[in-house]
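Visitor: Pasting a structure here, questions to come.
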Amino acid sequence: EPGAQPRPDESCEAKETNPLATDLVRVLGDDNQAHGPWDPRLGPDTLRAMLEQMALTRAFDERMYRGQRQGKTSFYMKCTGEEATSVAPAMALASDDMVFPSYRQQGILITRGYPLVEMINQIYSNRGDKLKGRQLPIMYSSRAHSFFTISGNLATQTPQAVGWAMASAIRGDSRIAATWLGEGSTAEGDFHSACIFAAVYNAPVILNVVNNQWAISSFSGFAGGERTTFAARAVGYGIAGLRVDGNDPLAVYAASQWAANRARANGGPTLIEHFTYRAEGHSTSDDPSAYRSAQERNEWPLGDPIMRLKDHLIAIGEWDEDRQTALDLECAEKVKAATKEAEKNGILGHGLHHPFHTMFEDVYQDLPWHLEEQAAQAIRERKIKWPQA
Amino acid sequence: EPGAQPRPDESCEAKETNPLATDLVRVLGDDNQAHGPWDPRLGPDTLRAMLEQMALTRAFDERMYRGQRQGKTSFYMKCTGEEATSVAPAMALASDDMVFPSYRQQGILITRGYPLVEMINQIYSNRGDKLKGRQLPIMYSSRAHSFFTISGNLATQTPQAVGWAMASAIRGDSRIAATWLGEGSTAEGDFHSACIFAAVYNAPVILNVVNNQWAISSFSGFAGGERTTFAARAVGYGIAGLRVDGNDPLAVYAASQWAANRARANGGPTLIEHFTYRAEGHSTSDDPSAYRSAQERNEWPLGDPIMRLKDHLIAIGEWDEDRQTALDLECAEKVKAATKEAEKNGILGHGLHHPFHTMFEDVYQDLPWHLEEQAAQAIRERKIKWPQA
Amino acid sequence: TRNLNMIEAINDALDIMMSRDPSVVIMGEDVGYFGGVFRCTAGLQEKYGKTRVFDTPINECGIIGAAVGMGAYGLRPVPEIQFADYIYPGLDQLISEAARLRYRSAGEFIAPMTVRSPFGGGIFGGQTHSQSPEALFTHVSGLKTVIPSTPHDAKGLLIAAIEDDDPVIFFEPKRIYNGPFDGFYDKPVQPWKKFPQSRVPEGYYSIPLGKARKVRDGEAMTILAYGTMVHVVEAVAKEKGVDADILDLRTLVPLDIEAIEESVEKTGRCLIVHEATRTSGFGAELSALVTERCFYHLEAPVERVTGFDTPYPHSLEWAFFPGPIRIGEAMDKILEV
Amino acid sequence: TRNLNMIEAINDALDIMMSRDPSVVIMGEDVGYFGGVFRCTAGLQEKYGKTRVFDTPINECGIIGAAVGMGAYGLRPVPEIQFADYIYPGLDQLISEAARLRYRSAGEFIAPMTVRSPFGGGIFGGQTHSQSPEALFTHVSGLKTVIPSTPHDAKGLLIAAIEDDDPVIFFEPKRIYNGPFDGFYDKPVQPWKKFPQSRVPEGYYSIPLGKARKVRDGEAMTILAYGTMVHVVEAVAKEKGVDADILDLRTLVPLDIEAIEESVEKTGRCLIVHEATRTSGFGAELSALVTERCFYHLEAPVERVTGFDTPYPHSLEWAFFPGPIRIGEAMDKILEV
Amino acid sequence: VSQAGAGEAAKVLATPAVRKRATDLGIDLNEVRPSEEGRIRHADLDAFISYGAKSGHAPAAAT
Ligand SMILES: Cc1ncc(C[n+]2csc(CCOP(=O)(O)OP(=O)(O)O)c2C)c(N)n1
Ligand SMILES: Cc1ncc(C[n+]2csc(CCOP(=O)(O)OP(=O)(O)O)c2C)c(N)n1
Ligand SMILES: [Mg+2]
Ligand SMILES: [Mg+2]
Ligand SMILES: [Mg+2]
């Protein structure tokens, strides 16, 4: 059935997409070829670039996971198996389209060329950390990369993305917004707020639901996934909705491109459900064997997105196993080098990487008297505790 | 088209109702006859009882509105034109099914036989007020009538209704829950919470959206009503959804009965959109002429529900204009008598109707020390201010 | 200058900021075509168009959440929450998002919004149209909380709040929208135009956040109040002939601690008055600060006069309200020492 | 008695109440099959079935809202909010609904729920897994706020909270789930079983809400604390040789004012310690009460030691935490007078 | 540390301002006789300064 789904015009009525909200847009077939109207017809360079970013994302995850286990930081979250859902949209969007991610879209930052060293500095909360050691590891922020500061509170980014998109429309700007959240998080009221506002103001925004079938220990049924699809939510709001094979990088790219074109042409919001699978634990704090069988991973329903893209490139004669081996090695080396570089700035300590006054900055634009007094207290405590620091 | 909508089996798959979520279930035709599979085939006594409750509700509204204008209380809200959306469901439900209303379902209380005098006592916050003068007028509560305490905060009652229904199911109880909210209020996150919980737990609950097309000054488009129907929200959650002519008492009855039977048979939740029209201002604090033309009311899209039921009864030979005149008079008299009776308990004053200690009761089950101290203060102040009171 | 009531003064401030700064947008339930249930935004949609003044869905989470995104874009949103009692569904977006944005992004993203909301009781609004939840916001670092007590201040403070790059909660005491209130509710409302504080300069001016206003100079005791209660304490002090040093705090966070210290060190006595419920109200913070910072000057216990720790009861609202008797008793107690 | 850590004690309390009272149900994110991210509900679904212990959608508004409805039905729900930092989306249902239900229905409908939630920092949880928002709840009349500091108390207080007919917020100090914490974070965690407070009686017992625990009898100063900070102040007092009278408040609302007054009247000095941010924290209320009620006994200013008015910063968490140095300085200041 | 613990029943009661003044003047409040309610006032301090602790002189009436 890959290739069997119709591709309505980007300017169609929202309800023309209704059948796609309960279907599954697929492009790559078992024959490793691209099929049907959703084939984005990307050139081999683009496909290889996509493969590279996905491989790099995975290599990064592997190393950071190990780093956490070695005590270099407190926490890490992998996106293993879900790389396509961030890398492919990042490539389909303009580089200055604003993204409002959840915590599992490291692939976007990597694709947009944010330096790995900066990511690791943040993860280590070290001297080089642009966020000054304040944020939990992986809660990146980069205005320069149009990457919104990640929140620990689920789904809050979604009405914000809609607000940004509304602002862009108000200003006649051509940039659009895109946001990501897990299927579990769609249960939050904030996501409903996002859908209502997006619908009422016809905001130029893409709402990406990453349905990796798990929310920590809860199967997607606890977010309503047993009754209908998450893309079907779009039907209820009268906005465009697409359900796409999230492990098929070409399908994800095509759906993102469709939604981006639609939004940019003032066609309004699109909700995209990316059907995928969380191959690893929720985070380094989680042990999934307590709630799902180890076998489940082997039955990974839709195949590894990296392997699928690799096999496609090989099938069209634009790649081979040796190049893949070389790429994997290269990615590992890149990450290793970045890690070494970042470690020069230190690993997670007890906060001595940053002057204590920084702790009080950015609460407000300026420090009111009470924060100045508290900063003085903190600085005095530091001097007592670490007279040489 | 009245009578043209199919009536799926009450135990059908939720998605079988999808077409009805964007259609409009109607029974009463221009010929004043009942048509089609949704005709609930009610006997003339039941129909007359329904007419009576609707007429009484309207008479009550008229008098209370005037009472507020005369300074007997601070606030009132009418449901003119929407009587069918509360009276008909109240008749279709069992009398001990629990209802979680918004502020515009006085018709339920009246239909369930709650004494008018008690309603007026509450509206006047007088000595007889069972709620001890604490609540804004019309925010009734009656456990004995399975009528949940009304909240000023929109849509909060909806997840509560679902929770009550879940509890009933947990206990193997046959009672179901029903909740009402305005179309404007469906925008609140609480309504989304209700839908998600209802869907996930297959709760025996009816979610009634009263789409009277206005939310204070805002047209229903600001709640998403221009993109699709409110019943379509059900499609997004994979629950049953019906859209019904809210000014057709028979259609409202039939839809409520369908949903109640379904819920009671463990078939799960139903979302019913009642398409109707707010014929009057939002409340006594509101002047609708500031935001909609006076003409709009005359173009009242679906006809007056009381007139339609009356005409139906006349058409089937079970009623006539004289009896209607007599009924209207009788309703006015009943309300007048109740008003007189209630006025014996006083009208809205400055709180002297209740001992000041009552103000501190029911904050907790028992009064903690700080409330005892505060009560003593309040009582002392009263003695100073009104030495004889 | 013109004589304006508080609604007109707020409308004027909004109008001026809309015209000075194209990034200012106004949003909220019924604020657009209708101009707000209290008419504070009347005429603005007509003047500035629907893209800059617009009605919203009834979803306070979305209102604040969208405003956060608009702020991140570079707009300066002024969302209205129709009643302070209805701000709770938007609290997470305020507490976890707007207030934290600058901090968690190390200054890359800010939320320069001003959330306007009518608050307080005394209008027979019952439990859900009368609350004074300001204390909750003062506990959230990253938020500023501003409460005007006169038309003059409402305009100047609102302009300052809109210009401020931090998220500001601007609570408008609805009891005094049309005229000040001396606490004697049985007397008819006197319109603002009879009072000098309704004299509002034309055009742009701003009153810095964090500066209290000395309402009255006195020696007998310091009174700290804000919003409606400023007028009530002033009237009670006058009636009782108490030579009070009255401060209208105007901004709760950041607080004008200097003015407070100076006054309490002068008078040695301190009365704190607010309408909000007592326990963990902002009066607690004020009392704690005074004790911590002016301890040795204290000649009498620091007293709080507040609303009671109950919901705001509809027909008993004047029993709840911290009126002249309650305030007078506390004054006596403080002076008795 | 058995030696239990706090998680086990909470699990035990839940188990006992589930078996004693069929109306008790447990709900929350990941509490069912998995038994909770901190394992507090481990084994309960297996024992009592999916209709009494169940996972919920990730929607805190729905969790509290559904619990309100269940309470109105006659159940006694014990919802878990996975982290206190995530309670804000459910605040409206708590503040406007659960807390007001009894009042607005004049006793016809009640919300006998106990909302359990881990709170506090010191586990490198960053800004959104470390907050202590208890003060917000203490400002809401109709809610009770309970915070245990030992396994023994956790069990007895949780049982009392579940039995209580009013809505109770039960905050569990996650830093001391596995062992007490003396504030010296560089030392390894000592498991609870080494400490006498982990000796937990078998079976049912309850500790009344509103009664403080005297941790240590002393003459030099009163220390008011709760949760994790009880252990920290105890350790600091010991280390410094301060003869402190230490009260573990256990319940913030209703507060054990008698115990506080008695102690402060004895010592004439008072130190208040909490981990939450300072401004409008619950320490403010405590300070105000002490000043109002024990004024003439005070020989030194009432001092607060608290977290700073910033978000809880990930890598600087020990700089934020009100640890031994900050507490020690305040003790010196109080005694210096 | 002050001499506060001068016996349980005999706790000195005074406002912070009175305590401060006594400390500044080097007066031990335990020596001062309160005029009423067991609480020491400024007037008591005045009397103490003028007449000494043991004089037994009734202090001027408190304001
Ligand atoms: C408001 C809120 N509630 C609860 C949590 C705790 N929490 C963190 S991640 C998570 C599961 C999210 O699952 P999903 O949305 O499917 O995203 P995924 O982890 O699968 O990418 C939960 C419950 C939170 N961070 N915020
Ligand atoms: C949470 C909340 N936000 C705002 C309000 C103010 N408010 C009261 S009624 C109303 C309009 C509701 O419209 P709708 O839901 O369509 O119900 P209708 O009045 O038409 O019956 C608004 C905005 C409120 N009561 N609660
Ligand atoms: Mg997931
Ligand atoms: Mg409506
Ligand atoms: Mg601002």
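The values are calculated or read from the model by the stated rules, or taken from the named source; none is laboratory data. What you see is a predicted model, and the numbers here were worked out from it, not measured in a lab. Quick reminder, even Gly has a Cβ in these numbers, built from the backbone with ideal geometry, and neighbours come from all protein chains shown. Quick note on the areas: whole protein, heavy atoms, side chains included, nothing else; ligands and nucleic acids left out. Shrake-Rupley method; radii C 1.70, N 1.55, O 1.52, S 1.80 Å.
Visitor: If you scan the range C:160-188, which residues turn out to be assigned to a loop (DSSP other than H, G, I, E, B) and either within 16 Å of ligand 3 (Cβ to nearest atom) or closer than 18 Å to residue C:205 by Cβ (or both)?
Guide: The one that is assigned to a loop (DSSP other than H, G, I, E, B) and either within 16 Å of ligand 3 (Cβ to nearest atom) or closer than 18 Å to residue C:205 by Cβ (or both): C:164.
Visitor: Output the residues belonging to the range C:75-96 that are within 26 Å of residue A:169 (Cα to Cα), outside any helix (DSSP H, G or I) and either within 7 Å of chain A (Cβ to nearest Cβ) or touching a Leu at 6+ places or on another chain (Cβ under 9 Å) (or both).
Guide: Answer for the range C:75-96, where residues must be within 26 Å of residue A:169 (Cα to Cα), outside any helix (DSSP H, G or I) and either within 7 Å of chain A (Cβ to nearest Cβ) or touching a Leu at 6+ places or on another chain (Cβ under 9 Å) (or both): C:75, C:78.
Visitor: Within the range B:158-175, can you find the residues that are surrounded by fewer than 24 Cβ atoms within 10 Å (Cβ to Cβ) and either at the interface with another protein chain (Cβ under 7 Å from one of its Cβ atoms) or among the charged types (D, E, K, R) (or both)?
Guide: Correct list: B:170, B:171, B:173, B:175.
Visitor: Quick check, is residue A:179 within 13 Å of ligand 1 (Cβ to nearest atom), touching a helix residue (DSSP H, G or I) at 6+ places or on another chain (Cβ under 8 Å), within 25 Å of residue A:113 (Cβ to Cβ) and not aliphatic (A, V, I, L, M)?
Guide: Criteria met by residue A:179.
Visitor: Go through the residues of the range B:371-389 one by one and say whether even a single one is open to solvent by 70 Å² or more (accessible area, probe 1.4 Å) and within 14 Å of chain D (Cβ to nearest Cβ).
Guide: Yes, there is a match, as at least one residue in the range B:371-389 is open to solvent by 70 Å² or more (accessible area, probe 1.4 Å) and within 14 Å of chain D (Cβ to nearest Cβ).
Visitor: Hey, another quick one. Residue under question is residue A:74, and the condition is that it be more than 16 Å from ligand 4 (Cβ to nearest atom) and under 16 Å from residue A:206 (Cα atoms); does it hold?
Guide: No: the conditions fail for residue A:74.
Visitor: Inspect all residues belonging to the range A:301-321 and state whether any of them is touching a residue at least 12 places away in the same chain (Cβ under 8 Å), aromatic (Phe, Trp, Tyr) and within 29 Å of residue C:101 (Cα to Cα).
Guide: So far as the range A:301-321 goes, no, none of its residues is touching a residue at least 12 places away in the same chain (Cβ under 8 Å), aromatic (Phe, Trp, Tyr) and within 29 Å of residue C:101 (Cα to Cα).
Visitor: What pairs come up if the first residue lies in the range B:131-157 and is away from chain C (no Cβ under 12 Å) and of a type in the set (Lys, Arg), the second is open to solvent by 10 Å² or more (accessible area, probe 1.4 Å) and assigned to a loop (DSSP other than H, G, I, E, B), and their beta carbons are under 6 Å apart, counting only those six or more places apart or on different chains?
Guide: B:143/D:108
Visitor: Here's something else I'd like to know. Restricting the search to the range D:282-333, which residues are away from chain A (no Cβ under 14 Å), outside any helix (DSSP H, G or I) and open to solvent by 10 Å² or more (accessible area, probe 1.4 Å)?
Guide: Matches in the range D:282-333: D:299, D:301.
Visitor: From the list C:199, C:216, exactly one residue is open to solvent by 50 Å² or more (accessible area, probe 1.4 Å), away from ligand 1 (no atom under 16 Å from the Cβ), free of Cβ contacts under 8 Å to residues at least 40 places away in the same chain and more than 14 Å from chain A (Cβ to nearest Cβ). Which is it?
Guide: C:216
Visitor: Could you identify the single residue in A:246, A:241, A:236 that is in contact with a helix residue (DSSP H, G or I) (Cβ under 6 Å, 6 or more places away or on another chain) and more than 15 Å from residue A:198 (Cβ to Cβ)?
Guide: A:246
Visitor: Which of the residues spanning the range C:58-74 are among the aliphatic types (A, V, I, L, M), facing another protein chain (nearest Cβ under 7 Å) and open to solvent by less than 10 Å² (accessible area, probe 1.4 Å)?
Guide: C:66, C:67, C:68, C:70, C:72
Visitor: Within the range B:322-341, track down each residue that is within 15 Å of residue B:57 (Cβ to Cβ), open to solvent by less than 60 Å² (accessible area, probe 1.4 Å) and out of contact with any Leu (no Cβ under 9 Å at 6 or more places or on another chain).
Guide: B:332
Visitor: Which of the residues that make up the range B:137-163 are outside any loop (DSSP other than H, G, I, E, B) and not polar (S, T, N, Q)?
Guide: B:143, B:144, B:145, B:147, B:159, B:161, B:162, B:163, listed by residue number.
Visitor: Okay, moving on. Which of the residues belonging to the range C:1-54 are among the aromatic types (Phe, Trp, Tyr) and within 14 Å of chain B (Cβ to nearest Cβ)?
Guide: C:33, C:34, C:38, C:54
Visitor: Of everything in the range A:204-234 that's more than 16 Å from ligand 1 (Cβ to nearest atom) and surrounded by 24 or more Cβ atoms within 10 Å (Cβ to Cβ), which residue is nearest to residue A:257 (Cα to Cα)?
Guide: The residue in question is A:206.
Visitor: Tell me whether the range D:86-93 contains one or more residues that are charged (D, E, K, R) and over 19 Å from residue D:138 (Cβ atoms).
Guide: No, there is no match, as no residue in the range D:86-93 is charged (D, E, K, R) and over 19 Å from residue D:138 (Cβ atoms).
Visitor: Could you check the range B:176-194 and list, in sequence order, the residues that are more than 8 Å from every other protein chain (Cβ to nearest Cβ) and among the aliphatic types (A, V, I, L, M)?
Guide: Selection gives B:176, B:178, B:181.
Visitor: Scan the range B:198-227 for residues that are more than 9 Å from chain A (Cβ to nearest Cβ), more than 10 Å from ligand 2 (Cβ to nearest atom) and assigned to a helix (DSSP H, G or I) and jot them down.
Guide: Of everything in the range B:198-227, those that are more than 9 Å from chain A (Cβ to nearest Cβ), more than 10 Å from ligand 2 (Cβ to nearest atom) and assigned to a helix (DSSP H, G or I) turn out to be B:198, B:201.
Visitor: Considering only the range C:124-143, I want to know if a residue exists there that is in a helix (DSSP H, G or I) and of a type in the set (D, E, K, R).
Guide: Yes, there is a match, as at least one residue in the range C:124-143 is in a helix (DSSP H, G or I) and of a type in the set (D, E, K, R).
Visitor: Which pairs do you get when a residue that is free of Cβ contacts under 8 Å to residues at least 12 places away in the same chain, found in the range D:245-268, comes within reach of a residue that is of a type outside the set (Lys, Arg) and open to solvent by 10 Å² or more (accessible area, probe 1.4 Å), reach meaning Cβ atoms under 9 angstrom, with the pair 6+ apart or on two chains?
Guide: D:258/B:369; D:258/D:212
Visitor: Going by the structure shown, is residue D:19 in contact with a Phe, Trp or Tyr (Cβ under 9 Å, 6 or more places away or on another chain), within 24 Å of residue B:153 (Cβ to Cβ) and of a type in the set (Ser, Thr, Tyr)?
Guide: No: the conditions fail for residue D:19.
Visitor: Quick check on the range B:296-307. Is at least one of its residues modelled with pLDDT of 95 or more, over 30 Å from residue D:286 (Cα atoms) and surrounded by fewer than 15 Cβ atoms within 10 Å (Cβ to Cβ)?
Guide: yes
Visitor: Against the definition (free of Cβ contacts under 8 Å to residues at least 12 places away in the same chain, outside any strand (DSSP E or B) and open to solvent by 10 Å² or more (accessible area, probe 1.4 Å)), how does residue C:238 come out, yes or no?
Guide: yes
Visitor: Tell me which residues, restricted to the range A:186-203, are open to solvent by less than 10 Å² (accessible area, probe 1.4 Å), of a type outside the set (D, E, K, R) and more than 16 Å from ligand 4 (Cβ to nearest atom).
Guide: Selection gives A:186, A:187, A:191, A:192, A:193, A:194, A:195, A:197, A:198, A:199, A:203.
Visitor: Go through (1) within 16 Å of ligand 2 (Cβ to nearest atom); (2) within 22 Å of residue B:273 (Cβ to Cβ) for residue A:232 and report which single condition fails.
Guide: Every condition holds for residue A:232 apart from (1).
Visitor: For the range B:97-109, state whether one or more residues are within 24 Å of residue B:327 (Cα to Cα) and part of a loop (DSSP other than H, G, I, E, B).
Guide: Yes, the range B:97-109 contains a residue that is within 24 Å of residue B:327 (Cα to Cα) and part of a loop (DSSP other than H, G, I, E, B).
Visitor: I've got another one for you. Sort through B:19, B:44 and tell me the only one that's touching an Asp or Glu at 6+ places or on another chain (Cβ under 8 Å) and surrounded by fewer than 19 Cβ atoms within 10 Å (Cβ to Cβ).
Guide: Being touching an Asp or Glu at 6+ places or on another chain (Cβ under 8 Å) and surrounded by fewer than 19 Cβ atoms within 10 Å (Cβ to Cβ) holds for just one of B:19, B:44, which is B:44.
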